[in-house]
Amino acid sequence: MVNEKRPSEPEWPYLDSIISALSTAFFLSWSKKEHIVIPFINIDREDLALRSDTEFIFQSTNVDSSLLFFRDNLALFESLAAKGQLSLFLVDHNHISDNLLNLTSKGPVKVVGIIDHHEDKKLYMDTAQPRRVELVGSCTSLVADQYFKEALTTLGNQCPKSGEPESWTMQLSRLLLGPILIDTRDLKPEFGKVQPLDIEMTKLLIPYTGWSTLDGLFAKIDAERQNTDRLSFYDLLRSDYKEWTVLEKKRTGGQNVRVGISSISGLIQKYVDRDSIETMVAAIERWTQKTGVDLHLATFSGEQAGVGYQRQMIVRPILKTLAGLPQELEAADGMAKELQLERLALTDSLEDKGRVEVAYQQHNTL
């Protein structure tokens, strides 16, 4: 059972990925008793601390993360692959991620199942069974539809009442509901995420949670997700990171450019006050050196008193041919017009120190 990174997202599996891996492994463990099914979380164990929403869900559902398998345990799976004893069931992705391809070089590794809600890469068509790739809000909705209803029949239909001892139905229904609410923004259609199956599975799961209402649950999980107080700014850059490789013709003459984006909850001034702008740009430099990207964007979003929801960004061009990118962004016919960018003075004082980072307010918040 492998939880995969999302497209162009090399570092961190999200809540949806992790819970999909755990819950699918549970269901497979009783339906395929002749196999040992292990949920594998594709990050280092210590980095689970960066996923505060996942830790909150684990604590709320009595999941002991010390019993789980992380990237630290990869040698075990490589050994199994070398012996021809490893198969993969992919969840929240439908192709093997780059940092796990080494498994396939160790021995014959077959992808025996896929449950995913992203663009279908049309791989493993002849080996994956089930192979379910549907564009719903949350992968856990697909997991619930694929297995939860069947498990109710096989393992027993238990609808716990609030205060009763925890049953498998209570634990699994609570686990599955968390990502559905987060990925669909509390099932609200105005965000364009929720699909009919997400709503159907929510209605199916609620009676088994032992909760009388879901009021406030999304807010609690989302608050944990956005709680950045215990993370250093460097950890924030790592915790929600995506990366793309794009063909850049105008400035590089057709060179592939690696672009990294770190999404951070809260606005720039919050971290300037907490850490200082010098600490922030030093962390950005350290992270870009580690990732080796050619261009890095740190994006910020949050509520500003008296103004409402705001977006900001700090741009750091690393590749020499991209050095003039900030000036192009600010050009009247550039991205400044589309995104309504306004240069912020926060990073202006850094220019005298040879820094290249530039901060912007994005007035187009869509």
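Below, the figures for the structure above:
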read-out	value
Of residues in the stretch 165-221 being open to solvent by 60 Å² or more (accessible area, probe 1.4 Å) and β-branched (Val, Ile, Thr), the one modelled with the lowest pLDDT	THR213
Any hit, the stretch 63-84, residues being modelled with pLDDT of 90 or more, exposed (fewer than 14 other Cβ atoms within 10 Å of the Cβ) and of a type in the set (S, T, N, Q)	yes
Sole residue being closer than 17 Å to LYS242 by Cα and either of a type in the set (Gly, Ala, Ser) or open to solvent by 20 Å² or more (accessible area, probe 1.4 Å) (or both), chosen from GLY308, GLY260, GLY266	GLY260
Test result for LEU101, at pLDDT below 90, open to solvent by 30 Å² or more (accessible area, probe 1.4 Å) and of a type in the set (A, V, I, L, M)	yes
Residues of the stretch 173-226 that turn out to be in contact with a helix residue (DSSP H, G or I) (Cβ under 7 Å, 6 or more places away or on another chain), among the hydrophobic types (A, V, I, L, M, F, W, C) and part of a helix (DSSP H, G or I), as a count	13
Residue selected from the stretch 326-346 under the condition closer than 20 Å to TYR271 by Cα and either at pLDDT below 80 or open to solvent by 70 Å² or more (accessible area, probe 1.4 Å) (or both), by the criterion farthest from the chain's Cα centre (by Cα)	ALA345
Selected residue [over 30 Å from LEU329 (Cα atoms) and out of contact with any Lys or Arg (no Cβ under 7 Å at 6 or more places or on another chain)] from GLY210, GLY178, GLY254, GLY192	GLY178
Pairs where the first residue, in the stretch 94-114, is farther than 17 Å from ALA82 by Cα and small (Gly, Ala, Ser) and the second is surrounded by 19 or more Cβ atoms within 10 Å (Cβ to Cβ) and at pLDDT 85 or above, C-beta under 6 Å, 6+ apart	GLY113/PHE89; GLY113/ALA128
Only one of ALA298, ALA305, ALA283 that is out of contact with any strand residue (DSSP E or B) (no Cβ under 7 Å at 6 or more places or on another chain) and touching a residue at least 12 places away in the same chain (Cβ under 8 Å)	ALA283
LEU135 being open to solvent by 20 Å² or more (accessible area, probe 1.4 Å), part of a loop (DSSP other than H, G, I, E, B) and under 21 Å from PRO179 (Cβ atoms)	yes
Residues that are more than 14 Å from the chain's Cα centre (by Cα) and modelled with pLDDT of 90 or more, drawn from the stretch 45-54	ARG45
All helices (runs of 4 or more DSSP H) inside the stretch 242-333 with 2 or more residues being basic (Lys, Arg)	268-275, 277-291
Filtered residues of the stretch 50-93 (kept if in contact with a helix residue (DSSP H, G or I) (Cβ under 7 Å, 6 or more places away or on another chain) and free of Cβ contacts under 8 Å to residues at least 60 places away in the same chain)	THR54, PHE58, SER65, PHE70, ASP72, PHE77, GLU78, ALA81, ALA82, LEU86
Selection count, the stretch 16-62, where residues are crowded, with 22+ Cβ neighbours inside 10 Å, within 25 Å of LEU214 (Cβ to Cβ) and either among the β-branched types (Val, Ile, Thr) or touching a Lys or Arg at 6+ places or on another chain (Cβ under 7 Å) (or both)	5
Residue in the stretch 80-97 that is part of a helix (DSSP H, G or I) and either within 25 Å of THR288 (Cα to Cα) or in contact with a Lys or Arg (Cβ under 8 Å, 6 or more places away or on another chain) (or both) present	yes
Scope the stretch 115-132; condition of a type in the set (A, V, I, L, M, F, W, C), open to solvent by 20 Å² or more (accessible area, probe 1.4 Å) and touching a residue at least 12 places away in the same chain (Cβ under 8 Å); matching residues	LEU123
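The values are calculated or read from the model by the stated rules, or taken from the named source; none is laboratory data. A quick note: this is a predicted structure, and the numbers were derived from the prediction, not measured. Positions of Cβ are generated from backbone atoms using ideal geometry, with glycine treated the same way; all protein chains shown enter the neighbour counts. With ligands, DNA and RNA removed, areas are computed over all heavy atoms of the protein, side chains included. Shrake-Rupley method; radii C 1.70, N 1.55, O 1.52, S 1.80 Å.
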